[in-house]
Amino acid sequence: MADLKPAASQLISANALWTGQAVFLTRDGTWSTDPAQAALSTSAEDSLHLLEMAKASNARAEVELVHLAAATLREDGRPWPTRNREYIRALGPTVRRDLGYQAATARAD
Amino acid sequence: MYRYDDYDQTIVRQRINDFRDAVERRLSGHLSEEEFKLIRQMNGVYLQLHAYMLRVAVPYGSLDSRQMHKLAHIARTYDKGYGHFTTRQNIQYNWPALRDMPDILEELAAVDMHAIQTSGNLIRNVTADPYAGAAAEELADPRPYAELIRQWSTLHPEFSFLPRKFKIAVNASATDRAAVKFHDIGLQLKNDPQQGRGFSVVVGGGMGRTPFVGPILRDFVPEAQILTYLEAVLRSYNELGRRDNAFKARIKILVHELGKEAFSEMVEQEFARLLPTADDLPTVELARIRSQFITPTFDQLPDQDADYEQALKTDDAFAHWVAVNVVPHKQPGYAIANISLKPYGGIPGDISADQMDLVADLAQTVGHDEIRATHAQNLVLPHVRKRDLYTVWQALDKAGLATANLDRASDIIACPGLDYCVLANARSIPIAQEISKRFAAKGREDLIGELKIKISGCINACGHHHAGHIGILGVDRKGEEMYQLTLGGSGAEDASIGQITGRGFDEAGIVDAVDTVVDTYLGQRKTDETFLETYRRLGPAPFKEALYGTA
Ligand code: HEM
Ligand code: SF4
């Protein structure tokens, strides 16, 4: 996976150090397991700024594998990753719908 | 089963303590991500898409019931109730938390298991024929040799920092069930009329980005000199292997670029230099290792059993399973029972904790306490009395473990692919599931006969696609999952590398393409011809035509 260059319309993702779970950086610098809560960068500078926050978190031993992920806004105005691998990271294995984030959030609605 | 001695135990305990320490230092921020990554991988811990993954070594694929129960316990306690058997005869857990890893390793150590030699640039877990000690045609049990090499290479100072990881396989039957020609070193046991027992040594095979069927470097190395010869190979490689380029650092590339003759010459020189001072280690050690193997005491039985014959006559499903999944044992009255981890439409290699417990119970009660993992991601009960087969089958059937498809179209090898793996370009498992469902629905697996389909989610080829009669490689084309099709590979004694048919297919298209290839085979085959035989006779042309038209 080639690392993306900072640009507009990106999320910052990583894996939580303790559990390995995929997490997404929110605007206030905390991590969420829900990509819809993530900060969607508005410009390359914004991505860089978010990336700096994420790297600081990595240095504090909170997350591993900090990286940028391309994203767009869903119909409900929430950000969502566009690439397959980020999609799958966010939700869980497509072959085990009972596992991962998709299971934890399954049909609460 | 091999009994580990105190020395092994001490090493493993020490490693766990060091790892526990490292985890704490990472969690408290005293180790950086990069520093910690090296340490965790040395202990079999990878970070995957959704979680950490723990790879547990199953040396030469041998397990006893105590170990299998422990694997079930770990799946239940620390994971999400299942594990995944791999093509390296290992088991992987997909969900354990980092903080639990040291405890899991402790639990494993309690049953003589560990995650050493599952990663890093060293000699990996040595693999062997899963039918070892049971196969009717084997020359000798290959496991003592595998164990000899394991002990010699484990933490061997000279070989702990090789240019790249290094994989060795040992096979002792004419049928190659260990894929020796696709390993860095493959040892094929043979008897020489003059020199007695020894090995033909294949060097420089491999899959990945640049697949090679390994050439035979030396046709015969006497048993007593095998470690010395291996040492000569590894030294030559260690000296020449390129550390500046990971792809070029494999011995297969070295042998290919240097040429087999030149490399062989180097090895022979080193071998000749080492021989005079080499001790008789293999002979003495082999005797010790053999004595440490708890080999089953077989019952003396007639080869036929009336109740078994009766069950075959009255229960068609059982008879079908026996015909497909059960193979001859060297001991009269016994059989080798293959347990498919490929239910139709299921996930290849996955097994639930309850299923693990059941297999362990069967091994303990009617299987001389032995279980094997195969590189085709299945399990084997290597020693079952024929008179117990019906009971075994009934229990397996109830647990969803009696799919009769060994080496059939639905016995698909698939790597975890993009559903789990950080390196993946495309998903593998759903393709395997769809193909399997398709064959199941058409009910023509028996008609098709032996057919090995293998799927990898990227060029690392963990799913052995190069060696598939039908191989599938997932690629990423501008964000779309696409699949390349290869035909005519084989991982057995007639090893070959599959050839790409042409442009790739999308997710739905690849399933149809496999169907088209199989239809073409069925239309063109001569009586009793397998898929591979037909392909080798006809070449790719008729298959390409069926897939892409004549244009
Ligand atoms: C999901 C985590 C996995 C990761 C990150 C991973 C990574 C890799 C990588 C990087 C290679 C490249 C080796 C080379 O340099 O040639 C490789 C090779 C290999 N992997 Fe995996 N793998 C994973 C899972 C598996 C599984 C589940 C299997 C069994 C189904 C497997 C079996 C193999 C085999 C047999 C090779 C050797 C291919 C050769 O001969 O070159 N791996 N793996
Ligand atoms: S072949 Fe690629 S995708 Fe599949 S497990 Fe290996 S590294 Fe991952």
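The values are calculated or read from the model by the stated rules, or taken from the named source; none is laboratory data. A quick note: this is a predicted structure, and the numbers were derived from the prediction, not measured. Glycine gets a Cβ as well: all are built from the backbone with ideal geometry, and neighbour counts include every protein chain shown.
Filtering the range B:66-86 to residues that are away from chain A (no Cβ under 14 Å) and farther than 23 Å from B:Ala178 by Cα leaves B:Arg66, B:His69, B:Lys70, B:Leu71, B:Ala72, B:His73, B:Ile74, B:Arg76, B:Thr77.
Exactly one residue out of B:Ile431, B:Ile455 is over 17 Å from the mean Cα position of the chain (by Cα) and within 18 Å of B:Gly504 (Cα to Cα), and it is B:Ile431. For the range B:476-490, give me each residue that is within 12 Å of chain A (Cβ to nearest Cβ) and in contact with a Phe, Trp or Tyr (Cβ under 8 Å, 6 or more places away or on another chain). Across the range B:476-490, the qualifying residue is only B:Met482. Just to be sure I understand, how many residues within the range B:292-308 are outside any loop (DSSP other than H, G, I, E, B) and surrounded by fewer than 11 Cβ atoms within 10 Å (Cβ to Cβ)? Qualifying residue count for the region: 1.
Against the numbered list (1) within 16 Å of ligand 1 (Cβ to nearest atom); (2) at pLDDT below 90, B:Thr154 comes up short only at (1). State the number of residues belonging to the range B:392-450 that are within 14 Å of chain A (Cβ to nearest Cβ), part of a loop (DSSP other than H, G, I, E, B) and not hydrophobic (A, V, I, L, M, F, W, C). Qualifying residue count for the region: 5. Residues that are modelled with pLDDT of 95 or more, within 19 Å of B:Ser62 (Cα to Cα) and among the β-branched types (Val, Ile, Thr) within the range B:367-391 comprise B:Ile371, B:Val380, B:Val384, listed in sequence order. Screening the candidates B:Ala323, B:Ala249, B:Ala306 for the property of being under 30 Å from B:Asp350 (Cα atoms) and of a type in the set (A, V, I, L, M) yields one hit, B:Ala323.
When the residues of the range B:72-96 are filtered to those that are outside any strand (DSSP E or B) and without any contact (Cβ under 8 Å) to a residue 60 or more places away in the chain, the one that is farthest from the chain's Cα centre (by Cα) is B:Thr77.
Within the range B:401-416, does at least one residue satisfy the condition of being within 16 Å of ligand 2 (Cβ to nearest atom) and of a type outside the set (A, V, I, L, M)? Yes, the range B:401-416 has at least one match. For the range B:197-210, indicate whether the set of residues that are closer than 18 Å to B:Tyr145 by Cα, within 16 Å of ligand 1 (Cβ to nearest atom) and assigned by TED's automatic domain parsing to the domain that holds B:Ile185 is non-empty. The answer is yes; a qualifying residue exists.
Select from the range B:264-293 the residues that are in contact with a strand residue (DSSP E or B) (Cβ under 8 Å, 6 or more places away or on another chain) and at pLDDT below 90 and write down the one among them that is farthest from B:Val213 (Cα to Cα). Step by step, filter the range B:264-293, then rank; the result is B:Gln292. Screening B:Glu529 with (1) over 30 Å from B:Gln48 (Cβ atoms); (2) surrounded by fewer than 20 Cβ atoms within 10 Å (Cβ to Cβ); (3) touching a helix residue (DSSP H, G or I) at 6+ places or on another chain (Cβ under 7 Å) gives one miss only, at (3). Taking the criterion of being within 16 Å of ligand 2 (Cβ to nearest atom), more than 14 Å from chain A (Cβ to nearest Cβ) and on the phi < 0 side of the Ramachandran plot, the residues of the range B:451-465 that qualify are B:Ile453, B:Lys454, B:Ser456, B:Cys462, B:Gly463, B:His465.
Of all the residues in the range B:534-549, those that are within 14 Å of B:Ile470 (Cβ to Cβ) and free of Cβ contacts under 8 Å to residues at least 24 places away in the same chain number 1. For the range B:25-55, the set of residues classified as surrounded by fewer than 23 Cβ atoms within 10 Å (Cβ to Cβ), under 26 Å from B:Thr374 (Cβ atoms) and more than 10 Å from chain A (Cβ to nearest Cβ) consists of B:Gln41, B:Arg55, listed by residue number. May I ask you to verify whether B:Tyr131 is aromatic (Phe, Trp, Tyr), over 29 Å from A:Ile88 (Cβ atoms) and surrounded by 24 or more Cβ atoms within 10 Å (Cβ to Cβ)? When the stated conditions are applied, B:Tyr131 passes them. Out of B:Gly463, B:Gly539, B:Gly509, B:Gly479, one residue alone is surrounded by fewer than 24 Cβ atoms within 10 Å (Cβ to Cβ), in the same structural domain as B:Ala424 (by TED's automatic domain parsing) and at pLDDT below 95. It is B:Gly479.
Taking the condition touching a residue at least 24 places away in the same chain (Cβ under 8 Å), within 14 Å of chain A (Cβ to nearest Cβ), under 25 Å from B:Lys452 (Cβ atoms) and of a type in the set (A, V, I, L, M), does B:Ile371 pass? Give the steps one after another, and end with the answer.
On the way: touching a residue at least 24 places away in the same chain (Cβ under 8 Å): yes; within 14 Å of chain A (Cβ to nearest Cβ): no; under 25 Å from B:Lys452 (Cβ atoms): yes; of a type in the set (A, V, I, L, M): yes.
No, not satisfied.
Does B:His69 qualify as being within 16 Å of ligand 2 (Cβ to nearest atom) and out of contact with any His (no Cβ under 9 Å at 6 or more places or on another chain)? Taking the combined requirement at face value, the residue does not satisfy it. Residues that are assigned to a helix (DSSP H, G or I), under 17 Å from B:Asp184 (Cβ atoms) and of a type in the set (D, E, K, R) within the range B:250-280 comprise B:Lys252, B:Glu257, B:Lys260, B:Glu270, listed in sequence order. The requirement of being of a type in the set (Val, Ile, Thr), free of Cβ contacts under 8 Å to residues at least 40 places away in the same chain and either not assigned by TED's automatic domain parsing to the domain that holds B:Gln433 or not in a loop (DSSP other than H, G, I, E, B) (or both) is not satisfied by B:Thr527.
The helices (runs of 4 or more DSSP H) found entirely in the range A:14-109 that carry 1 or more residues being farther than 26 Å from B:Met53 by Cβ are A:44-59.
Figure legend. Inter-residue proximity from the range B:201-215: first residues free of Cβ contacts under 8 Å to residues at least 40 places away in the same chain and within 14 Å of chain A (Cβ to nearest Cβ), second residues within 11 Å of ligand 1 (Cβ to nearest atom) and not in a loop (DSSP other than H, G, I, E, B), beta-carbon distance below 8 Å, spacing 6+ or different chains. No pairs are indicated. Sort out which residues of the range A:48-78 are away from chain B (no Cβ under 12 Å) and more than 21 Å from B:Val422 (Cβ to Cβ), and write them in order of number. Within the range A:48-78, A:Leu48, A:His49, A:Leu50, A:Glu52, A:Met53, A:Thr72, A:Leu73, A:Arg74, A:Glu75, A:Asp76, A:Gly77, A:Arg78 meet the criteria.
Here B:Ile435 does not qualify as more than 28 Å from B:His50 (Cβ to Cβ), at pLDDT 95 or above and not assigned by TED's automatic domain parsing to the domain that holds B:Ile339.
Residue count for the range B:459-500 satisfying the condition of being within 12 Å of ligand 1 (Cβ to nearest atom) and not in a loop (DSSP other than H, G, I, E, B): 3.
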